[in-house]
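Peer 1: One structure is given below, represented as structure tokens, and several questions about it will come after.
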Number of protein chains: 2
Amino acid sequence: MSAYASTHGISLRPHAKTHKSLELARLQLEHGAVGLTAAKVSEAEVLSSVCGDLLLAYPVVDENRAGRAAALAGRVDLKVAIDSVHSAQLLSRSAASAGVTVGVLVDLDVGLHRTGVQSADAAVKLAQAIDRLPGLSLSGIFCYPGHIWDATDQQGPALGKVAEQLQQAIDLWKRLGLSTEIVSGGSTPTAYQSHLVPQVTEIRPGTYPYNDMNTVTGGYCSIEDCAARIVVTVVSDAVPDQVVIDAGSKTLAADRCVPDPESGHGYVMEYPAARITKLSEEHGQVDFGACPTRPEVGDRLTVIPNHICPCINLQDTLWLSTRGGQWKPMAVDARGKQG
Amino acid sequence: MSAYASTHGISLRPHAKTHKSLELARLQLEHGAVGLTAAKVSEAEVLSSVCGDLLLAYPVVDENRAGRAAALAGRVDLKVAIDSVHSAQLLSRSAASAGVTVGVLVDLDVGLHRTGVQSADAAVKLAQAIDRLPGLSLSGIFCYPGHIWDATDQQGPALGKVAEQLQQAIDLWKRLGLSTEIVSGGSTPTAYQSHLVPQVTEIRPGTYPYNDMNTVTGGYCSIEDCAARIVVTVVSDAVPDQVVIDAGSKTLAADRCVPDPESGHGYVMEYPAARITKLSEEHGQVDFGACPTRPEVGDRLTVIPNHICPCINLQDTLWLSTRGGQWKPMAVDARGKQG
């Protein structure tokens with residue numbers, strides 16, 4: 001990812017929500033990331049111990065989090081993506097009273113319809129409001145083109161539409177002399193198309209250090225690129241053609257595979273034809289009907305989950321394989337934080 | 001639940017996987033529970049500080065967990081439900097070498113086809129193997145009739161079939177002089193039908209101290225019976241007819257509502273007509289199209305999740321409302337344990 005971003009002159013600001021580990025954050029920064037992205041103020045607080053340039057890719061809308069964001073902006077370069085005047089005013093009050101400056105990006109909806117103002121006009125109005133408020137520094141535009149990887153979508157037209165929407169906003173902003181220093185986009189599956197949207201100056205992919213069955217099935221990486229694997233134990237083979245593993249929704253997370261929702265709940269590396277048909281909390285039911293043999297009770301298997309982000313969020317510790325062939329524990333430092 | 005069990009002369013052994021909190025475990029024991037159920041050896045270890053009678057409702061199939069189970073059996077009355085000779089032999093070796101006795105229940109599949117031996121004959125064979133092994137004490141039969149609450153199922157016939165399967169096994173066991181002291185069943189939704197399966201001596205409901213939209217929609221409790229509620233904040237109203245709350249799959253868990261999978265991802269108490277249509281990790285998209293008004297950015301809402309067990313498993317701390325009207329933190333003590 002670092003090589004791709006560097007080749008195309010795009011800044012890489014990985015989203016740390018995937019791994020939540022300071023050790024991986026450090027590796028990303030050592031490999032050329034300009035800073036990190038966080039989903040929560042509390043996660044940004046944790047990341048600030050290793051990174052001085054943080055983007056909070058989430059609106060701050062209450063006193064508690066605005067105060068904490070302002071305190072953080074006293075220690076690091078903090079930018080926040082918002083989509084409401086409410087957010088802008090709240091952040092401004094907290095920043096001004098703390099005597100700091102918070103960078104602000106305007107969140108523009110480019111098609112996913114989750115957050116983000118609905119038009120270039122609305123974006124420019126919010127940008128002007130931010131530009132006038134004390135304690136805030138308008139940093140640019142933020143978007144989340146997460147929909148363009150949807151297998152049911154036509155990527156060409158969707159990409160073109162994202163570019164068009166961004167350009168409209170940029171043109172309006174430039175006419176008013178507003179800053180568009182940063183135009184932030186990304187997500188792992190869409191990341192490698194970022195150069196096709198020339199307006200984007202930085203990307204925020206999250207999943208790429210680990211990858212998962214979403215990125216494999218979407219065609220963005222191979223099984224071998226999946227670095228995070230769940231070692232499970234076969235606990236039952238009492239039901240014909242099935243084994244049960246000790247990994248259910250409390251281990252793998254319940255997410256289906258986005259590009260292929262009927263593909264089951266992960267990939268069993270040792271038995272590619274096996275299918276994890278059903279998860280309960282601590283049980284994974286695996287259908288071995290299509291396999292010539294099935295493993296025995298007590299055997300260990302290796303599973304690649306559908307969606308690595310919520311899976312990692314269920315763990316307190318991972319085991320990292322070092323180049324020397326040893327295993328060392330790695331904390332999921334930013335898991336379970338409040339706010 | 002305690003009153004129901006007591007009325008029908010059934011022992012109550014709550015499954016602590018739902019709450020994982022020692023404080024609630026203590027309350028359950030004070031209100032007449034005969035002991036507790038755990039999903040993992042590590043959870044049983046945590047629970048052993050408040051409870052001397054534990055059932056591990058999960059097969060133990062590796063050395064690490066068998067050794068820990070044996071160590072635990074030195075401190076408390078421990079029973080384990082298993083469905084393989086492999087489990088029995090492993091537990092026997094660990095128990096014998098630790099000089100302790102582990103109680104064992106034979107897991108009989110009564111229709112859910114997850115774990116459990118497939119017939120009364122297979123159950124009796126496993127029971128005989130257990131009965132002959134040192135360090136083990138045959139305690140009875142274990143089943144999980146979790147399927148009889150399925151709205152697509154005919155409860156009457158399913159209940160009758162469970163009773164018939166249990167009776168077949170009990171008859172065979174009695175003929176051989178084997179112990180059927182405990183016949184363990186349950187799950188919150190099926191719990192209140194337990195007296196209709198007279199073979200069952202104890203039940204293991206988990207969800208009932210909190211309840212959730214699964215139990216509400218299934219008709220087993222009312223909204224007012226839902227004790228665990230997620231306080232969320234509206235973070236965006238930029239998209240028409242929608243607000244976004246700061247609770248996604250990393251807060252509510254991604255589980256659909258079993259009795260009504262299309263009902264969305266939880267219930268918004270202040271806006272009964274609102275529908276949580278989509279969860280991403282930290283965003284919940286709520287459709288307010290059917291509501292006369294919608295809340296504003298910064299407003300607080302209260303959500304009852306579909307499935308409280310994986311939701312609680314995502315939290316480190318809950319806030320307990322005391323009778324005095326105060327709030328005090330309550331730890332999710334057994335969350336995130338290994339093994």
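The values are calculated or read from the model by the stated rules, or taken from the named source; none is laboratory data. Remember, it's a predicted structure, so these values are computed and weren't measured experimentally. Positions of Cβ are backbone-derived with ideal geometry, glycine not excepted, and every protein chain shown enters the neighbour counts.
Peer 1: For A:Leu108, which of the numbered conditions (1) without any contact (Cβ under 8 Å) to a residue 60 or more places away in the chain; (2) within 14 Å of chain B (Cβ to nearest Cβ) fails to hold?
Peer 2: (1)
Peer 1: Take the residues in segment B:111-134 that are farther than 28 Å from A:Glu281 by Cα and assigned to a loop (DSSP other than H, G, I, E, B); name whichever of them is farthest from the other protein chains (Cβ to nearest Cβ).
Peer 2: Result: B:Pro134.
Peer 1: Quick one: count up the residues across segment B:273-328 that are in a loop (DSSP other than H, G, I, E, B), closer than 24 Å to B:Gly218 by Cα, more than 11 Å from chain A (Cβ to nearest Cβ) and within 27 Å of the chain's Cα centre (by Cα).
Peer 2: Counting residues in segment B:273-328 that are in a loop (DSSP other than H, G, I, E, B), closer than 24 Å to B:Gly218 by Cα, more than 11 Å from chain A (Cβ to nearest Cβ) and within 27 Å of the chain's Cα centre (by Cα) gives 1.
Quick grid of which residues meet (1) in contact with a His (Cβ under 7 Å, 6 or more places away or on another chain); (2) surrounded by fewer than 22 Cβ atoms within 10 Å (Cβ to Cβ); (3) in contact (Cβ under 8 Å) with a residue 12 or more places away in the chain:
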{"residue": "A:Pro14", "(1), (2), (3)": "no, no, yes"}
{"residue": "A:Gly32", "(1), (2), (3)": "no, yes, yes"}
{"residue": "A:Ala44", "(1), (2), (3)": "no, no, yes"}
{"residue": "A:Ser48", "(1), (2), (3)": "no, yes, yes"}
{"residue": "A:Arg68", "(1), (2), (3)": "no, yes, yes"}
{"residue": "A:Leu72", "(1), (2), (3)": "no, no, yes"}
{"residue": "A:His113", "(1), (2), (3)": "no, yes, no"}
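Peer 1: Among the listed residues B:Asp107, B:Asp131, B:Asp83, which satisfies the condition of being over 25 Å from A:Gly248 (Cβ atoms) and in the same structural domain as B:Glu45 (by TED's automatic domain parsing)?
Peer 2: Of the residues listed, the single one that is over 25 Å from A:Gly248 (Cβ atoms) and in the same structural domain as B:Glu45 (by TED's automatic domain parsing) is B:Asp131.
Peer 1: Restricting the search to segment A:218-241, which residues are within 14 Å of chain B (Cβ to nearest Cβ), surrounded by fewer than 21 Cβ atoms within 10 Å (Cβ to Cβ) and not β-branched (Val, Ile, Thr)?
Peer 2: A:Pro240, A:Asp241
Peer 1: Here's something else I'd like to know. Filter segment A:72-84 down to the residues that are within 14 Å of chain B (Cβ to nearest Cβ) and charged (D, E, K, R) and list them by number.
Peer 2: A:Asp83 - this is the single residue of segment A:72-84 that is within 14 Å of chain B (Cβ to nearest Cβ) and charged (D, E, K, R).
Peer 1: Something else about it: Which members of segment A:250-298 meet the condition of being charged (D, E, K, R) and in contact with a Cys (Cβ under 7 Å, 6 or more places away or on another chain)?
Peer 2: Once the filter is applied, which keeps residues that are charged (D, E, K, R) and in contact with a Cys (Cβ under 7 Å, 6 or more places away or on another chain), segment A:250-298 yields only A:Glu281.
Peer 1: Within segment A:85-103, can one find any residue that is closer than 23 Å to A:Ile203 by Cβ, in contact with a Gly (Cβ under 9 Å, 6 or more places away or on another chain) and away from chain B (no Cβ under 14 Å)?
Peer 2: yes
Peer 1: Turning to a different aspect of this structure: Tell me which residues, restricted to segment B:84-105, are free of Cβ contacts under 8 Å to residues at least 40 places away in the same chain and either closer than 14 Å to A:Val235 by Cα or touching a His at 6+ places or on another chain (Cβ under 6 Å) (or both).
Peer 2: Hits for segment B:84-105 are B:His86, B:Ser87, B:Leu90.
Peer 1: Check off (1) surrounded by fewer than 20 Cβ atoms within 10 Å (Cβ to Cβ); (2) under 22 Å from A:Tyr144 (Cα atoms); (3) out of contact with any helix residue (DSSP H, G or I) (no Cβ under 6 Å at 6 or more places or on another chain); (4) not charged (D, E, K, R) for A:Leu27 and give me the number that stays unchecked.
Peer 2: Just one mismatch for A:Leu27, condition (2).
Peer 1: Next question, about the same structure. Are there strands (runs of 3 or more DSSP E) fully within segment A:13-89 with at least 2 residues that are under 22 Å from A:Gly186 (Cβ atoms) and not aliphatic (A, V, I, L, M)? List them.
Peer 2: A:77-82
Peer 1: If A:Asn64 satisfies all but one of (1) within 14 Å of chain B (Cβ to nearest Cβ); (2) polar (S, T, N, Q); (3) without any contact (Cβ under 8 Å) to a residue 60 or more places away in the chain, what's the number of the condition it fails?
Peer 2: For A:Asn64, the failing item is (3).
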